[in-house]
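Before any comments, here is the structure.
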Amino acid sequence: TSLAVCDPQLPALTRAHRVLRWDLPGHGSTPSASTPSALLPSDGSATVAHLAAAVLRLADAQGWDTFAYAGISLGGAVG
């Protein structure tokens, strides 16, 4: 799922929240796991736990100690 899925809701969300969106690897502009710059293992062993760890790294990079999470389909499973 690409971050574009949230485009219709973005104006309403940003009125009251800081919003950080992310693409699943290989979707949108995010490299797939098979590219050298990927955030996941390139040997096909990537799991939902790997994706969840990547989300936590994104939150850490923002300096967020706590945050709310929303997702659909696989993105929901990551949350």
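The values are calculated or read from the model by the stated rules, or taken from the named source; none is laboratory data. No experiment lies behind these values; they were computed from the predicted model shown. So basically every Cβ, Gly included, is an ideal-geometry build from the backbone, and we count neighbours across all protein chains shown.
Determine which member of the set Ala33, Ala12 is part of a helix (DSSP H, G or I) and either small (Gly, Ala, Ser) or modelled with pLDDT of 60 or more (or both).
Numbers: Ala33 fails: part of a helix (DSSP H, G or I).
None of the other options fit; the residue is Ala12.
A single member of Ala53, Ala59, Ala49 is loosely packed, with under 10 Cβ neighbours inside 10 Å and modelled with pLDDT of 85 or more, and it is Ala49.
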